[in-house]
Amino acid sequence: MENQEPTPTQLNQRLGSPSQELPSTSSNEQTQKRNRPESPQRKSDDSAQSPKRSRNGSLPPQSFPQEIIFEILLNFPVQSLLRFRCVSKPWKSLIADNFFIKKHLKRAQNDPEFSKKRVLINTSSLQTGSSIKSCSLKSIFEDPNVNTTEIEYPSKKASRYDWIVGSCNGLICIAIREDTVLLLNPTLRVSKRLPDLGFKKRRGCYTVYGFGFDASGDDYKVVRVFCYQSKGFEDGYESIVRVYSMRTNCWRRIQDFPFGVPFSEAGKHVDGTLNWAVLSRQYRDCSCTIVSLDLAQETYKEVTQPCYGNGAGERILGVLDGCLCVLCSYGRLYAEVWVMKEYGKRESWTKLVTIPYTPIPWYEMFLTPLSVSKSGEILLRFEVNMLLYNPEKNMFRIPMFPYDAFSYIDQQEVYEESLVSPTVVNQHR
């Protein structure tokens, strides 16, 4: 159920009383002060003291509208709010309040300046091995050099490759060796390991995941799709699907994929659904469909695609500004980015941009679209790097990272900094 806007009285209760009475003096002290002669110079000095101090030397609290304090705090980044918890008990209580967390998250998601958004980068380096790093999304678009920070989480090993499943409301889902899953808020540095499935990797099998939020049940869910080869090669692959609920903290099996099996990419979370590009059950039929799983109903449906026209080839799913998008390549000529402005409505598919391929000697393809700036510049994953394309100027540029940060990029995921914890339920009521 959607929360009502807080009344001024409710805000005052969360933040504490706006003012306090100064310590009172005894009647004897007041009589002595009235009878004590004072020089004009002393009176002048006292009148110049502004504001007056209390007996303990502290300044009296200023009366300030609590609604304004609430709005001001909403504009601060998470790291600042974590420090502000030490200001007072009412402030600590407010910053941990579900309504405040929800409002702060919404403001971060709708910020056109990307000041509270970051990019997770799954990288490899000859010096440090595999690691997951983070950088500012705003810095990628605006700064000539982009700095990164290391993401710390339990069970992290440089010799092992961990997979970024996805992000939702500031939470990150990470799969370790396909059988262990973590939920992590890298800003709060709080994580939760999900119950084990007892899964053992088998030859000819693979696992894909998806991570999203069921708003109707106020529940975060992780979906695991185990894909295995059928008896005969011509029979293709079958699937076993299980879903984890943060509210119940357990896995359970749901209906298997009805339209085939998903590619190796993780499901894309849009409007309470997870979406995969799915390969037909039969190898002889190489058609690609988009299959959606409703996280509330836990039912599947096929998502209608735009009219790509002749020559359409490989299609990659992504999310831009909360909307499902598809990057469709037309050989080595160009690629188109289509965006579904209203999820589930075929007529809302809109061609956002056409990106030409550059005449480079090696074969590289544009991959997942990541973000679009206010000026229309689009950020893409481009094989082992990231690429920015400006359609107005028809120009490409590559974000510059420190030379020793990594050798190549294998995954990217945009997320917003938030106060949402992976260990607390009912944060959006």
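Considering the conditions (1) surrounded by fewer than 20 Cβ atoms within 10 Å (Cβ to Cβ); (2) in contact with a strand residue (DSSP E or B) (Cβ under 6 Å, 6 or more places away or on another chain); (3) of a type in the set (Gly, Ala, Ser), GLY331 is excluded by exactly one of them, (2). Here the condition is being β-branched (Val, Ile, Thr) and surrounded by fewer than 18 Cβ atoms within 10 Å (Cβ to Cβ); of THR350, THR273, it holds for THR350 alone.
Listed conditions (1) open to solvent by less than 20 Å² (accessible area, probe 1.4 Å); (2) among the aromatic types (Phe, Trp, Tyr); (3) at pLDDT below 95 are all met by TYR408, apart from (1). I'd like to know if region 97-105 contains one or more residues that are touching a strand residue (DSSP E or B) at 6+ places or on another chain (Cβ under 9 Å), surrounded by 13 or more Cβ atoms within 10 Å (Cβ to Cβ) and not acidic (Asp, Glu). There is at least one residue in region 97-105 that is touching a strand residue (DSSP E or B) at 6+ places or on another chain (Cβ under 9 Å), surrounded by 13 or more Cβ atoms within 10 Å (Cβ to Cβ) and not acidic (Asp, Glu). Do we have SER134 as under 18 Å from the mean Cα position of the chain (by Cα), at pLDDT below 95, among the small types (Gly, Ala, Ser) and not in a loop (DSSP other than H, G, I, E, B) here? Yes.
For (1) modelled with pLDDT under 90; (2) assigned by the TED database to the domain that holds THR304; (3) within 18 Å of ALA277 (Cα to Cα), each residue gets a yes or a no:
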| residue | (1), (2), (3) |
| --- | --- |
| GLY210 | no, yes, yes |
| VAL222 | no, yes, yes |
| VAL225 | no, yes, yes |
| TYR228 | yes, yes, yes |
| LYS231 | yes, yes, no |
| GLU234 | yes, yes, no |
| CYS250 | no, yes, no |
| ARG253 | no, yes, no |
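Among the residues of region 199-231, the ones that are free of Cβ contacts under 8 Å to residues at least 12 places away in the same chain and either within 19 Å of ILE151 (Cβ to Cβ) or open to solvent by 50 Å² or more (accessible area, probe 1.4 Å) (or both) come to 2 in all. Against the conditions (1) within 30 Å of SER130 (Cα to Cα); (2) surrounded by 13 or more Cβ atoms within 10 Å (Cβ to Cβ); (3) modelled with pLDDT under 95, GLY322 satisfies every one except (2).
The values are calculated or read from the model by the stated rules, or taken from the named source; none is laboratory data. Keep in mind it's a predicted model, so treat the numbers as computed, not measured. Quick reminder, even Gly has a Cβ in these numbers, built from the backbone with ideal geometry, and neighbours come from all protein chains shown. Keep in mind that these areas ignore ligands, DNA and RNA; they rest on the heavy atoms of the full protein, side chains included. Shrake-Rupley method; radii C 1.70, N 1.55, O 1.52, S 1.80 Å.
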